[in-house]
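Heads up, the thing below is written out as structure tokens.
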Amino acid sequence: YNGTKPWPYSTHFADYYADPALGAKYLSMAPFILIDIATYLPEKIAQDSELGFCFAAFKATTTPDPIGTFAQLMNVPTFERHVRGLSSDLKNIVTRYLAHFVDQQQQGLEDVVELVSTNTQEKQSIMTSVAQAYQQQGMQQGMQQGIQTVARTMLSDKTPPEQVSKWTGLSKEELAKLTK
């Protein structure tokens, strides 16, 4: 947890079931522990390379300069070794996660890739993988916007909502939101 106020909810998974007693019956997990990452000391975070790295990455994304903060974390030998030892797939995940927090006006995807990759071939592979993922995401968003535009036009032309739903695949609830 990295919010500004204490966590106000239960820390037991069963409590999130509609029927907590039923949840408790089928969940054998103990209550999970919430850690306020913002107040966690860097030395404590660095004690565990894997979990600490995750905490550090989360913490970096809560700062005004997440890439600069992450770059500083990479100077911690424990984290530097951990990141260098990650598989390409995990480096892709780290890159995509950090890229969501990049100020596009100040830094680019290349800056993020530079922090996690070790050689030119790996950098190219990560850039290609991340670019493809963003391209796919953009195409899906564009298709969804196109479908919504068609649905709005159909509804404004007085096409019955049932037909609009059938032709666009949008639910009645989604159509109702479009008409507002």
Seminar exercise, completed: Here the gain from full extension of Thr120 to Glu80, 0.36 nm per residue of separation minus their alpha-carbon distance, amounts to 12.6 nm
Problem set entry | Share of carbon and sulfur in the accessible heavy-atom surface of the range 42-180 [1.4 Å probe, %] | 52
Problem set entry | Test item: Cα-centred dipole of the range 56-138, Lys/Arg +1 and Asp/Glu -1 on Cβ, debye | 240
Exercise. Using +1 on the beta carbon of Lys and Arg, -1 on that of Asp and Glu, and nothing else charged, what's the dipole of the chain about the Cα centre, debye to 20?
Worked result: 520
Problem set entry | Exposed chymotrypsin sites (Phe, Trp or Tyr not before Pro) absent: longest stretch of the chain, with sites in DSSP loops and at most 10 other Cβ within 10 Å deemed exposed | 33-180
Seminar exercise, completed: Applying the gyration tensor rule to the Cα atoms of the chain (axes a ≥ b ≥ c; rounded if a/c under 1.5, else prolate if a/b exceeds b/c, else oblate), the class is oblate
Seminar exercise, completed: Expressed in square angstrom to the nearest 10, the accessible area of Asp89 with a 1.4 Å probe stands at 110
Exercise. Rounded to the nearest 500 deg cm²/dmol, what is the calculated helix-only ellipticity per residue at 222 nm for the chain, with -39500 (n - 2.57) per DSSP H run of length n ≥ 4?
Worked result: -19000 deg cm²/dmol
Exercise. If you take the beta carbon distance between Ala176 and Tyr16 as r and set R0 to 35 Å, what does 1/(1 + (r/R0)^6) give as a FRET efficiency, to the nearest 0.05?
Worked result: 0.80
Seminar exercise, completed: Sorted list, accessible surface of protein heavy atoms, 1.4 Å probe, largest first, for Arg81, Arg96 is Arg81, Arg96
Seminar exercise, completed: Of the listed links Lys158/Lys180; Lys44/Lys123; Lys59/Lys91, those spanning more than 20 angstrom between alpha carbons are Lys44/Lys123
Exercise. Helix 88-99 sits at what angle to the longest principal axis of the chain, using alpha carbons and giving 0 to 90 degrees rounded to 10?
Worked result: 70
For this session: Run the 1.4 Å probe and let me know the accessible area of Thr4, rounded to the nearest 10 Å².
Result: 140
Seminar exercise, completed: Placing +1 on each Lys and Arg Cβ and -1 on each Asp and Glu Cβ in the chain, then taking the dipole about the Cα centre, the residue among Val116, Gln135, Phe79 whose Cα reaches farthest towards the positive end is Gln135
Problem set entry | the range 71-138 shape via C-alpha gyration tensor axes, a/c threshold 1.5 | oblate
For this session: Write down the accessible area per residue of the chain in Å², having rolled a 1.4 Å probe over the full set of protein chains.
Result: 67
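The values are calculated or read from the model by the stated rules, or taken from the named source; none is laboratory data. Note that the structure is predicted; figures quoted are calculated from it, not measured. Here Cβ is always computed from backbone atoms with ideal geometry, including for glycine, and neighbour counts include all displayed protein chains. Accessible surface areas use protein heavy atoms only, side chains included; no ligands, DNA or RNA. Shrake-Rupley method; radii C 1.70, N 1.55, O 1.52, S 1.80 Å.
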